[in-house]
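Quick notes on the structure that follows.
The values are calculated or read from the model by the stated rules, or taken from the named source; none is laboratory data. Model, not experiment: these values are computed from the prediction. Here Cβ is always computed from backbone atoms with ideal geometry, including for glycine, and neighbour counts include all displayed protein chains. Quick note on the areas: whole protein, heavy atoms, side chains included, nothing else; ligands and nucleic acids left out. Shrake-Rupley method; radii C 1.70, N 1.55, O 1.52, S 1.80 Å.
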Amino acid sequence: MTAGSDASWLKRALLPLATMVRLAGSRSRGTRSPLLTVLATGAVTVACTLLAFLLSQTTPARYAENLFYDLRIAMAARPATSPIVIVKIDDAALAQMRDSSECRCLSPIDKAWLADLVAAIGAGQPSAIGIDYMLDVWRDPAEYAGFSAKLSALASPIIAVAPPLSRPGTDFSAPSALTYADARALIKDDYDDVVRSYDPLPDGRQSFARAIATALGVEAPVRSMPLAFRSPIAGAGSENRGALVPAVSASIVRDLPPEFFAGKTVLIGRVTRSADQESPDLIEDMHATPLRFLQGHHDGTPGVEVHAHALDQMIRGDVLRSTGWAFMLPFALAAALAGCVFGRSALRWWATALVVVSSLLAVMIASVVVLWALGLMVGLTAPTLSFALAYFITGRITTTQLRADRALYAGTLERYLAPQVIERIVEGGEPVEIGASAREITVLASDIADFSVLVGATEPALFSRLINGYFDGVIDILWRYEAMLDKLTGDGLIAIFGAPVEQPDHARRALDCALAIDQFSEAYRTAVASEHAISFGQTRIGIHTGPALVGNFGGERRFNYTAYGETVVIAARLEAANKSSGTRILASRETINRAGDYPKTRLIGDIELKGVVGAVGAFTIDQ
């Protein structure tokens, strides 16, 4: 379904509703019916609420809801309270590992170096150790045996991750000291690829955080849970800015006293937040999260930290709840009713905007407070949409009578004035008075070649249809480029750019418009020749920029907005000069200079024009 058909469907759906509100709000000779006003307002309120719930499921609305969601998560984040420490595999740790390994390689992780790291941590008797690395590949049996022996000597439970759906001990050798968890857990939103939820049991297998929680004796959740992200710790250095728990580089673990890890849950994982630009290692295992608005998370949150967020949430038993449609329905109805009230009010637009923005800010702050105090995430898109729809519909309908009055006024004048002038008069921006002002404008003059031949060789009814179709297309193009149609001259026309409305780019507009007219007329000529076997003449166009007198000229009873001066004459003469130049578009040097660096212009030369003093530099535009 196209955008146009969507709009038509919406208009048809809301037409009966609009009629009711228009009748309820009209100031007719009779009295306004309070009952009808109430019924119409109620109908608008309900219809806009239902439509808002439908629109809230669309992709743009989901993006907006996710944005509000993430902002509130970041604003309402609480600090982590569980004794968790992250041991970072950062650039310094990788360099240490490379220097100590036989192959001096970085991937896969050197198991001997990792075993020494885990042993140094385990010496402090931590509550649990989690390794956010897949330990399913061994260089040789000796590496596996050495790794298993060092971990078997430790008393703390050790959890590592395994490839999804793999079977440790069957698909690969698995040390008995290790408990394996499924590598999957981070749930990314389909709309924007942001991690907002955590799956404790992907395909029935324990996730990394849940396996650690279980080892700690915590009753962990079994269903997917929205993540209540924790706030970054205060006072962290630049290398740890954004971290939610204390973090140390694996390169210095052996220098720390063993009691540093006593009773704590230690997570080992890749952290590249502090990676410098000269590092040969790319930033990796980073995930977009709601914390991306905070320092240290602009490029993403390390995967091991996301597991730490989930683990702290499991240990504390926090539950982040979201409101359903039944909970949000009263709020959406109230928002739609408020939209109806503001849409029918007499407040100035800036006062209404101030009230609306203040209300939205208050609602946003209130929703953050509710999230902080109750752990309840309130949806904002549906109420916001219901308010906006109700305000727009009632606002539009309330102005129907005024628009009808203006339409009557404009209908009286449209036989005499250009559409732009009518608009300015109706809006009160330009009084109707005889007079003129000098200003720089660009004039476009056009004419159909061999027009008299076309008239003589074409049956009247067909001629009328052809010429009307031609001018309909040309005038549509003029309106597209906001030109003022000065006059029709039988087979030609005069259009003005830069008046009555100021247009700083009037010269470029005129050139763009000329190209569009030329493309349309050539296609029209081809269509006429193909359908009717009639030669429809080329359209010749002349354009000139310069000073002119523009304004309302005429008598007290009949006048028209037009332009006088040599600028108009030169444009008309350039149009005629196309015949001798073998071109379809000629623009003066003044127009080309005023338009700036306009593409594909070609100098024809300085030409003498009838009634114009001095030669005029003429350019055409190659297509």
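What to note about this one:
- Net charge in the neighbourhood of R78 (other residues with Cβ under 15 Å of its Cβ; Lys, Arg +1, Asp, Glu -1) is +1.
- Ranked packing of 86-92, 168-174, 300-306, most packed first, by mean Cβ within 10 Å: 300-306, 86-92, 168-174
- Computed from the Kirkwood radius of its Cα pairs, the Stokes-Einstein diffusion coefficient for segment 261-398 at 4 °C and 1.567 mPa s stands at 68 µm²/s.
- Helix 381-398 and the longest principal axis of the C-alpha atoms of the chain enclose an angle of approximately 20°.
- Across segment 179-188, rounded Karplus estimates of 3J(HN,Hα) from the backbone phi angles (6.51 cos²θ - 1.76 cosθ + 1.60, θ = phi - 60°) give 9, 9, 10, 5, 5, 7, 5, 6, 9, 9 Hz, Gly and Pro being marked x.
- Cα-based equivalent ellipsoid, the chain: semi-axes from gyration tensor eigenvalues, Å: 72, 36, 22
- 3J(HN,Hα) along segment 57-64, derived from phi through the Karplus expression 6.51 cos²θ - 1.76 cosθ + 1.60 where θ = phi - 60°, amounts to 8, 6, 4, x, 5, 5, 4, 5 Hz, with x in place of Gly and Pro.
- Under 5 Å, built H, 5+ apart or other chain: amide partners of R270: I89, V304
- In this structure, the residue pairs whose Cα-Cα separation is over 18 Å, taken from K88/K264; K487/K600; K111/K150; K111/K264, are K487/K600; K111/K264.
- For segment 66-132, a Kirkwood hydrodynamic radius built from all Cα pairs, placed in the Stokes-Einstein relation at 4 °C and 1.567 mPa s, yields a translational diffusion coefficient of 87 µm²/s.
- DSSP beta bridges fully contained in the chain are about 60 percent antiparallel.
- Between segment 186-216 and segment 104-182, the alpha-carbon centres lie 21 Å apart.
- Whole-percent carbon and sulfur share, accessible surface of the chain, 1.4 Å: 59
- Zone of L50's modelled label, taken as backbone nitrogen in segment 309-338 under 20 Å from a point 7 Å along Cα→Cβ: 325-338
- Length gained on full extension, A43 to A576: 185.7 nm, using 0.36 nm per residue less the C-alpha separation.
- Annotation: amide H-H contacts under 5 Å for R439 (H modelled 1.01 Å from N, sequence separation of 5 or more, or interchain): A548, V550.
- Label zone of A119 (point 7 Å out along Cα→Cβ, amide N under 17 Å): in segment 244-266 this covers 251-256, 258.
- Here's how it looks for V195: its modeled amide H is under 5 Å from those of D189, A288, T289, which are all 5 or more places away or on a different chain.
- Taking the empirical scaling 2.2 N^0.38 Å for compact globular proteins as reference, segment 122-183 has a Cα radius of gyration ratio of 1.09.
- Mean ellipticity per residue at 222 nm, deg cm²/dmol - from DSSP H runs of n ≥ 4 across the chain, formula -39500 (n - 2.57): -15000 deg cm²/dmol
- Counting only cysteine Cβ atoms and a cutoff under 4.7 Å, the chain contains unmatched residues C48, C340, C513.
- The distance between label points at D255 and A436 comes to 8.7 nm (points 7 Å beyond Cα on the Cα→Cβ vector).
- Candidate lysines for bridging to K610, where Cα separation is under 21 Å - those fewer than 8 sequence places away on the same chain excluded: K579
- Segment L216-D472, length gained on full extension (0.36 nm per residue, minus Cα span): 84.3 nm
- Added length on full extension, which subtracts the Cα-Cα distance from 0.36 nm per residue, T400 to Y564: 55.2 nm
- Normalised Debye scattering of segment 31-75 at q = 0.17, 0.26, 0.29, 0.32 Å⁻¹ gives log10 I(q)/I(0) of -0.63, -0.86, -0.93, -0.98, counting only Cα atoms as equal scatterers and leaving out solvent.
- Proximal charge balance of L151 [Cβ under 12 Å; K/R count +1, D/E count -1]: +1
- Karplus 3J(HN,Hα) series, Hz, for segment 603-615 with 6.51 cos²θ - 1.76 cosθ + 1.60 (x for Gly, Pro): 6, 8, x, 8, 10, 8, 10, 4, x, 10, 7, x, 6
- Both radii are taken from the alpha-carbon atoms of segment 296-357; with Rh as the Kirkwood radius, Rg/Rh is 1.30.
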